[in-house]
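Down below is the structure, laid out as structure tokens.
The values are calculated or read from the model by the stated rules, or taken from the named source; none is laboratory data. Quick caveat, the model's predicted, so the values are computed rather than measured. Cβ coordinates were reconstructed from backbone atoms using ideal geometry, including for glycine residues, and neighbour counts include every protein chain displayed.
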Amino acid sequence: MTRAPGTVGRGFDRGEFEARLARAQAAMTADELDALVVTTAPNVRYFTGFNTQFWESPTRPWFIVVPREGAVIAVIPEIGQPGMAETWVEDIRTWPAPRPDDDGVSLLQATLLSLPRRFGRIGWEMGRESVVRMPLKDFDELRDRVGNLAFADGSPTLWSLRRVKSPAEVARLRHVCQIASTAFEALPQKLRIGDSEIEVRRKMQIELAEQGADSAPFVAVVSGKGGYSQCIVGPSERRLDDGDVLFIDTGATYDGYFCDFDRNFAFGHISDAAKRAHEAVWGATEAGIAAARPGATTTDLWRAMADVLEVAGSKGLNVGRMGHGLGMQLTEPPSNMPGDDTALAPGMVMTIEPGMEYAPGCMLLHEENVVITEDGAELLTRRAPREMPVITA
């Protein structure tokens, strides 16, 4: 069995977290925040390194306080203390959760009121692609208890930090992209006419695991005669037949970082319309990769792909964008779409994801992952074949 190349370690050294904290504190000063409070798994892990499957349980809230001055503070259920003590965080404050009458509210209140105060504002995960992971009634109660200490949207600050990846983060993203690329390249030998979409997903998940992926929480599998009509619902018991096009979109992880890209396969034979559409989206992907340079915007990136698809006769697409940021989450800001206008910068990791509807009920998507460098874009995935693979067995 061919395996994905290279090895990448797990976890980050203390210097990585110190650098993240220093950048966060500089950003908080610029954004006039005295602290950030994060409650969701990606941001907790970003600042602490704490990793647990316990996020699947919604019972207990978790709070990480990142002050504008001083060290990171963990305000967490006592069940998490031993695990948090293995991270670089030294100030760990706990309560015996679950305690619905006061699930960390008093402890977090005391922590926030003890912080050095310059601006009187605390940033939370309130905005774009963010949530506050605690009961809303507790959030409102906490806000009432801290008096004139205002709660503000800290999401712009957080995304400004996470948007640009460190070399260590890029190494993990490159590694998981290579794992999934190897899995995709091995998959055609295991697909058969007559397989169901569910069987295809199982084969892909097994291949990803054998190649070294930690998990594959997102494996979308859809198919249809001559093309597919949507890209997010499936798989089903539908069995693949002559003339079908199969779409697989994979979000696998390694050490907490996602890949996100897809591949298309034809069964028995490929129609001329599907062949032309595949050539168009492949070419649009080339245009997107070429346009992904420092200083270009996400709108520029969208336009480069849209121009190719327009010439190819695209009838539109209901996806809404042609790619997005990528990292500790399957999708992150920004979006490749008109009006987003985020300037690309070295260290940003993006998906290049053009797609088109080319006949009623028939669409085709294509996706690669890149990191923006000083000179342009470096592919993290291995480029899909220019011609759609055909499964004949």
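Here Pro116 fulfils each of the conditions (1) surrounded by 18 or more Cβ atoms within 10 Å (Cβ to Cβ); (2) of a type outside the set (Val, Ile, Thr); (3) in contact with an Asp or Glu (Cβ under 6 Å, 6 or more places away or on another chain) apart from (1). Going by the structure shown, is Ile270 surrounded by fewer than 24 Cβ atoms within 10 Å (Cβ to Cβ), in a loop (DSSP other than H, G, I, E, B) and β-branched (Val, Ile, Thr)? Against the criterion (surrounded by fewer than 24 Cβ atoms within 10 Å (Cβ to Cβ), in a loop (DSSP other than H, G, I, E, B) and β-branched (Val, Ile, Thr)), Ile270 qualifies.
From the list Gly268, Gly283, Gly243, the lone residue that is free of Cβ contacts under 8 Å to residues at least 60 places away in the same chain and at positive phi is Gly243.
Residue-wise test of (1) more than 18 Å from Gly104 (Cβ to Cβ); (2) surrounded by 15 or more Cβ atoms within 10 Å (Cβ to Cβ); (3) not assigned by TED's automatic domain parsing to the domain that holds Thr250.
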| site | (1), (2), (3) |
| --- | --- |
| Trp124 | no, yes, yes |
| Gly127 | yes, yes, yes |
| Val132 | no, yes, yes |
| Asp138 | no, yes, yes |
| Leu142 | no, yes, yes |
| Gly147 | yes, no, yes |
| Ala168 | yes, yes, no |
| Leu173 | yes, yes, no |
| Ile179 | yes, yes, no |
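The residue list Leu326, Leu365 contains one member that is in contact with a Cys (Cβ under 9 Å, 6 or more places away or on another chain), under 21 Å from Tyr46 (Cβ atoms) and either of a type in the set (S, T, N, Q) or in contact (Cβ under 8 Å) with a residue 40 or more places away in the chain (or both), which is Leu326. Within segment 327-341, does at least one residue satisfy the condition of being among the hydroxyl-bearing types (Ser, Thr, Tyr) and at pLDDT below 95? No, there is no match, as no residue in segment 327-341 is among the hydroxyl-bearing types (Ser, Thr, Tyr) and at pLDDT below 95.
Can you list the helices (runs of 4 or more DSSP H) found entirely within segment 9-110 that contain at least 2 residues being of a type in the set (Phe, Trp, Tyr) and either at pLDDT below 95 or surrounded by 13 or more Cβ atoms within 10 Å (Cβ to Cβ) (or both)?
Fully inside segment 9-110 and qualifying: 41-48.
When restricted to residues that are in contact with a Gly (Cβ under 8 Å, 6 or more places away or on another chain), exposed (fewer than 15 other Cβ atoms within 10 Å of the Cβ) and part of a helix (DSSP H, G or I), segment 186-215 contains 0.
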